[in-house]
Amino acid sequence: MEGKLCLGSDKLPEGNSLSGSDTIISEDGTFELGFFSKTGTSDNNLYLGIWYKNITEKTIAWVANREKPMRNTAGSRLRISADGDGNLILFDESDKVWSTNMSSVFPASVEAVLLDVGNLIVRDVAKKSVIYWQSFDHPTDTWLPEGKLGFNKINGNMQQLTSWKNADDVSTGMFSVGISPNETNKYFLEWNKSKSYWSSGSWNGTIFSSVPELSYGKKFVFVSNENESYYTYTNVDTAVLSMLRITPSGKFEQLTSFKSSSNLSVSFVQPRKESDIYASCGAFGIFSNNSSTTCSCLQGFSPISAEATGRNDWFGGCERKLTLQCENSTSGKGKIDEQDLYLKVSNADLPNTAGKRKILPVVLAVLVPLVVLVSVCFIGCFYKRKIKQKGTRKKSSKQDLLSFDFSYIGNRANDETNLQKGRKEDFDLPMFSYASVSKATDNFSAETKLGEGGFGPVYRGKLLNGLEIAAKRLSQRSVQGFVEFRNEVELIAKLQHRNLVRLLGCCVDQDESILIYEYLPNKSLDFWLFDLKKEKILDWATRVQIIEGIAQGLVYLHEYSRMRVVHRDLKTSNILLDNEMNPKISDFGMARIFGGNNSNINTQRIVGTYGYMAPEYAVEGFFFFKSDVFSFGVLVLEILSGKKNTGFYEEDCLSLLGRTWELWTSNRAVELMDPTLGSPKPSLLRYINLGLLCVQDNPRHRPTMSTVISMLNNEVAPLPAPKQPAFTTGRSMINTASSSNSTAGNYSLNDLSLSMVEPK
């Protein structure tokens, strides 16, 4: 008699079974194993799989029975074989649909366990280190940290990823990822396990040459011994969830998330262009860069599956709309109607054509040169026309903002390779005409104006399809100039993260420089935080959500973006809020890219916003990642208190940092909390501690943003005691700056961007 599985267990012992809605959950709660079906499909297929437990959208990482689905929920169960061979078996009623298929007999008692890394294992109960089988040796479409990608030298088995057939069909698709026994220094993407269409480049012990960004935030290791050769990897930051997978459309992508988040996002994808994927449009299909569906059929052909092409899945290809005449049915007499039949026979059986053979060389001698001459003329005229058309297109490359389809360029912002290699011609950020931008914003009327900052005014616009945008117009009297405009265009267009504002396009026309952004309805953080009438809307949960979102955006800029970016102007007015009050970092006009081993950069031109600038930058012109950490710390304390760091006049303190330090050292830090939040929150002191750690005077004492994320996620681990923050007297910055001109170059407070940005 089979026993009932304990709820929430990470083990399936002998004598127990997993069925129905039962699941096994890894000890730390990260992964879950159970039965699932693809919602929205007409079939009743049921599978056994593993997924991240706390991610809202169930993302399957491993499937046991991908080629043999079950169809009976009530009769589906997973248990260890009763025959004593230690096999894990999946049943559909009495039919065995999947097994670990171990040939050896294990007399010892075994158990199935779901590990914290998402690996399902069958191990010895008494000697838990003895593992007889593991799912990591049999991956499906996903490569999890600590998993393997390689091959077994003894039995020749390959550990490679194979895509799903489509988004709703988990069976084996056409694309795979793996390494070759003959070339182990790189991995390949293949179509039909025969045609390689992309490779990672050579492994140098640290990174893959073609995709060095894949190693950011991860540590790859290559293992080769007498039994096997494989790659494996781990996440550097334990607070990060990560998975690499091959999609049904042939792309190799990385999904990442923080353990505190409930959503995965794509942070890496190769190849970036659909045209680089082999046979992506199927038989009789045509690839097109100018089509929203990327593929279409030849004239006279239609998609084999309208349902598949509706999902932009064209691998099934196209078929003729009308059958050819030779495909018509035969007549009632059993003879083929109206058709010429061609038979291959011996030359000796042909009629005598000796006279014609003498004429043929003469005809060929005349016709061949004539055909060649005509062809050359035709090709020359064709290319001349193409060049002319190309020139015409370049002259009229500016597009109409009102009718532009932004869904088509959803993936273009990840093309960081071109920026790294300086390929300006491949830069595909849409350029819009001034006339269309002006019309979208009602001629930049006062009614559409959202606010104004150092860059210039920001206007709200509306397209013909109802989509709203924000147009940021460079002011002729702007303290920022075209250099900052170009910097933002070339930088933020190459970044994509849910906590970064999305740049949709730009306009350089008629002496105008305009940036087109996604429109965020809840304006900027300072609009809510420093208005006594509105700050009540920012309850404790919302403020925590904003703090964590800003931290996630910064750790992406500092560590997970290929370019590694320092923002340099992080402040409340540059934090925009979407309709769910999720924060998005904006305004990258002052941002800088760090390359190579640069730990800091010195500048003679100090720009930023007083109150948010780190001391090493404000006084000596040095900035690096820890400078952004300082600004983040100021933001945290402002969010907790509802007060600005500058213009803080209370008792003897002239800055929020000074007031916070005074309250902290006198054990009265709870008094810092914004009174609109009501009673003190349990985690308030932890957030104040975190903010003070970020604004410490010595940058070496400040945590990195990845450490900040870990501190936010682990509410149990104690935080270190902070040291005295910088600028605690409020005027020390000005006094120090005025006395340090010798080290700061031509330092002047006039170089500071005293931004008064209104809601965007």
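In table form, for the structure just shown:
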{"read-out": "DSSP-assigned coil residues among GluC sites (Glu not before Pro) in the stretch 662-723, each with at most 16 further Cβ atoms within 10 Å", "value": "GLU715"}
{"read-out": "Other-chain or far-sequence residues with amide H under 5 Å of GLN399's (modelled H)", "value": "MET431, PHE432, SER433"}
{"read-out": "Highest-first arrangement of 152-162, 431-441, 686-696, where packing means the average Cβ count within 10 Å", "value": "686-696, 431-441, 152-162"}
{"read-out": "Per-residue HN-Hα couplings for the stretch 229-242 [Karplus 6.51, -1.76, 1.60; θ = phi - 60°; Hz; x = Gly/Pro]", "value": "9, 6, 9, 9, 8, 9, 7, 5, 9, 5, 7, 9, 9, 8"}
{"read-out": "Contour minus Cα-Cα distance for LEU298 and SER129 (0.36 nm per residue)", "value": "55.0 nm"}
{"read-out": "Of the trypsin sites (Lys or Arg not before Pro) in the stretch 468-568, those whose Cβ has at most 10 other Cβ within 10 Å and which sit in DSSP loop", "value": "ARG477, LYS533"}
{"read-out": "Under 5 Å, built H, 5+ apart or other chain: amide partners of GLU27", "value": "ASP116"}
{"read-out": "Highest to lowest packing among 94-100, 84-90, scored as the average C-beta count within 10 Å", "value": "84-90, 94-100"}
{"read-out": "Residues with amide H under 5 Å from that of PHE268, placed H, sequence gap 5 or more", "value": "GLN254"}
{"read-out": "Whole-Å distance, taken between Cα centres, linking the stretch 499-524 and the stretch 97-161", "value": "50 Å"}
{"read-out": "Hz values of 3J(HN,Hα) by residue in the stretch 678-695 - Karplus curve (6.51, -1.76, 1.60), Gly and Pro given as x", "value": "x, 6, x, 8, x, 9, 4, 4, 5, 5, 5, 4, 4, x, 5, 4, 6, 9"}
{"read-out": "Lys, Arg +1 and Asp, Glu -1 on Cβ, resulting dipole of the stretch 1-138 about Cα centre, debye, nearest 20", "value": "120 debye"}
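Rule-based calculations on the coordinates, nothing more; no lab input. Keep in mind that what you see is a predicted model, and the values were worked out from it rather than measured. We place every Cβ from the backbone using ideal geometry, glycine too, and count neighbours over all the protein chains shown.
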